[in-house]
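Bear in mind these aren't lab numbers, they're just calculated from the coordinates by the rules spelled out. All figures in this text were calculated on a predicted structure; none of them were measured in a lab.
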Amino acid sequence: MYGLTSQLRRAVASVPTNISEGCGRSTDADFARFIHIALGSAHETEYLLQLAFDLNYLLEADFNNFNSKINTIKRKLFQLNKTLL
């Protein structure tokens, strides 16, 4: 459980960290690359949430809430990435 918690925290923190780092880049293409990386971290977060639920570390209501939020974030990142390319 500790390893999964640690990995989930890193994946979650990586999403805004990559967005922030991308904002500091000089071109839209560079920014888009970091948005793509952030999207990958969001996918990783989604998988880790599913794994935590499957291992009975999360209640169904909590899983549904978190899953809904990460899917909203993924949609927004995908749309932002489309505008940059």
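For the stretch 1-56, averaging the sequence separation of C-alpha pairs within contact (under 8 Å, six or more residues apart) and dividing by the residue count gives a relative contact order of 40 percent. For the stretch 2-84, the percent of C-alpha pairs falling in each 10 Å distance bin, counted from 0 to the bin holding the largest distance, reads 19, 46, 25, 10, 1.
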